[in-house]
Amino acid sequence: MYDYKAPLKDFDFVYFDLLDYEAHLSQFPAFTELSKDVVLSIATEMAKFAEGVLVPLYQSADGEGCSWHDGEVRTPQGFKGAYQQYMASGWPGMAFDPAYGGQGLPESLGYMTGEMTGAANWAWHTYPALTHGAKNTLLAHGSDEQKEQFLTPLVCGEWTATMCLTEPHCGTDLGLLRTKAQPNVDGSYAITGTKIFISCGEHDLVSNIIHVVLARLPDAPEGTKGISLFLVPKFNVQQGQLGERNSLSCGSIEHKMGIKGSATCVMNFDAAKGYLIGEPNKGLNAMFVFMNTARLGTAMQGVCHAELGLQKSTGYARDRLQMRSLTGAKRPDAPADPIIVHPDVRRMLLTQKAFAEGGRMLVAYCALLVDHVDHGQDPRQVHAAQDRLSFLTPIAKAFLTEAGVESANLAVQCFGGHGYIKEWGVEQNLRDSRIATLYEGTTGIQALDLLGRKVLATQGKLMAPVLQDMLAFCEDHAGDPMADSLKGRLAQWQRLTQQIGEVAQANPDEMGAASVDYLMYCGYLLLAYFWARATVVAKAKLAGGTVDQDFHRGKVHTAEFYFARILPRTETLAVTMRAGATSLMSLEAESFFLQC
């Protein structure tokens, strides 16, 4: 078997060599004493937990799944013990305010450790991960009383939290939601309605679960302008102690394609006591704190599946003997050569490697921006970081999850027939990966957000700083083949953006028709930028006589592969973006079914 091992060497390269993490941390007074040695020691401890505790539960949890009985959900064997170890070690509060029991470490370090738990066992990872978004939402929009009452047990991991948006009749179109919030005489609200697809809505890991719920007040205006946000505990809380059970229940759990150890619940609220978070009818604004946290976490999920598939398929390709190399036997002492000698297997492995390691660079860069937003001292720098993050989040979420599915699929292909059976765990990785392109907003929704809101609606203002960073790199390294290739595509990116904007003014469907291709184009460019930067760093290491020659040569080689075989996908995307909406929209809806 080829089990997950935390890529500590690559974390070191990405954070410290590529992104100069020590200089980054020195900008914030709270982190000036956080040295490289301390960061890497924290990463090493998380690696031990991920590899030693979570990896052994990976396949058994998939086979067992969660069980539901009379509204109670039981998680797979070993999940509760693993969570108790996680909590006892202080991991839940690592990157949170010490005023509420956190350790005050940076969010960027949390993304590093989070990738390890996610790649080791994504189904288990979902339970603490969703709580993180709820903590951020309460910190940003909760009242002082709510923070005092709920944040400390959430931060220490004693309680977990959910995000309750989707209803049976509406998903992304939240303006259609029907859940009601009726004011009570004591200032609380009675929440009534049904929410579906609620990850970790009910489970046996903790004593209380806090639901963050979107609902409508009686006098709320129609559409998204009439949505408020509420905190609804499983057990009511009285003076810091758990009281009677609230009038909410888990009606059922979904039988899913993947992440079967993560309970996906139907939650019924029957006049459950809830508390308004933030202002009335401003709930969607507050919920986006949660959503943006979750979207970056889901971007990281794409990296997790790419990394896990890469590790498993690389191990298999080194050991599996099949045929001889086309250029002559590489293992003449064996009956056949390992399949890693074959060009097509190399293509699949290098594609996974390019997406896993390139995606890690993009997520880490976004994580550093989160640090600036959370801890920056200069309002102008905070605003600039927020703008960059606003632009990059939909790209990271959608592109990296699509790349994660592609990588997981290639891992199955590397195993051949063995990949199609459960024994090796790669078919599970593919099943687990598929949800990532759907939840927290599908790829299509992220694409509309990117092109419609972030690019065209701002007339390119959010796009400009990222573009300028990339152009500056190309100018600084003029004459380098990768930098010059990237510069040419950046010029094409600007032309395409202008062309789409012009045709969309006459027909908004043109924007919708181009949006997913546009987002994927942006994703390929961003990874090209980070791979080009990584090459500069790796070559400098090689020139300086690094002791890890193979590792840094691998970076250069993977970057060359990316520019030769992955980045050219943008040429096809440029053509399909220009193809317009006519071929998509001219067929009448009824005509799709005439052959039936």
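The table that follows gives values for the structure above.
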read-out: Members of the range 111-147 that are over 16 Å from residue 432 (Cβ atoms) and among the acidic types (Asp, Glu); value: 144, 145
read-out: Matching entry among 195, 180 (being within 26 Å of residue 257 (Cβ to Cβ) and among the charged types (D, E, K, R)); value: 195
read-out: Enumeration of residues in the range 491-500 that are surrounded by 17 or more Cβ atoms within 10 Å (Cβ to Cβ) and either touching a strand residue (DSSP E or B) at 6+ places or on another chain (Cβ under 6 Å) or within 15 Å of residue 523 (Cα to Cα) (or both); value: 493, 496, 497
read-out: Scope the range 290-343; condition of a type in the set (S, T, N, Q) and part of a helix (DSSP H, G or I); matching residues; value: 292, 293, 298, 301, 311, 313, 314
read-out: Residue tally, condition under 14 Å from residue 450 (Cβ atoms), among the small types (Gly, Ala, Ser) and either buried (at least 24 other Cβ atoms within 10 Å of the Cβ) or modelled with pLDDT under 95 (or both), over the range 369-406; value: 2
read-out: Lone unmet requirement of (1) closer than 30 Å to residue 223 by Cα; (2) in a helix (DSSP H, G or I); (3) among the polar types (S, T, N, Q) for residue 162; value: (2)
read-out: Residue in the range 197-206 that is under 24 Å from residue 293 (Cβ atoms), out of contact with any helix residue (DSSP H, G or I) (no Cβ under 8 Å at 6 or more places or on another chain) and either in a strand (DSSP E or B) or free of Cβ contacts under 8 Å to residues at least 12 places away in the same chain (or both) present; value: yes
read-out: Residue under evaluation residue 286, criteria (1) more than 30 Å from residue 116 (Cα to Cα); (2) touching a strand residue (DSSP E or B) at 6+ places or on another chain (Cβ under 6 Å); (3) aliphatic (A, V, I, L, M), criterion not met; value: (1)
read-out: Matching residues, the range 207-229, being under 16 Å from residue 160 (Cβ atoms) and either part of a loop (DSSP other than H, G, I, E, B) or aromatic (Phe, Trp, Tyr) (or both); value: 207
read-out: Close pairs (9 angstrom Cβ cut-off, 6 or more residues apart or separate chains): without any contact (Cβ under 8 Å) to a residue 12 or more places away in the chain and under 15 Å from residue 367 (Cα atoms) in the range 287-299, part of a helix (DSSP H, G or I) and of a type outside the set (Gly, Ala, Ser) anywhere; value: none
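Matching residues to (1) under 26 Å from the mean Cα position of the chain (by Cα); (2) of a type in the set (Val, Ile, Thr):
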{"position": "184", "(1), (2)": "no, no"}
{"position": "187", "(1), (2)": "no, no"}
{"position": "191", "(1), (2)": "no, yes"}
{"position": "202", "(1), (2)": "yes, no"}
{"position": "214", "(1), (2)": "yes, no"}
{"position": "223", "(1), (2)": "no, no"}
{"position": "264", "(1), (2)": "yes, yes"}
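The values are calculated or read from the model by the stated rules, or taken from the named source; none is laboratory data. Because the structure is predicted, anything quoted here is derived from the model rather than measured. Cβ sites come from the backbone with ideal geometry, for glycine too, and all protein chains shown count toward neighbours.
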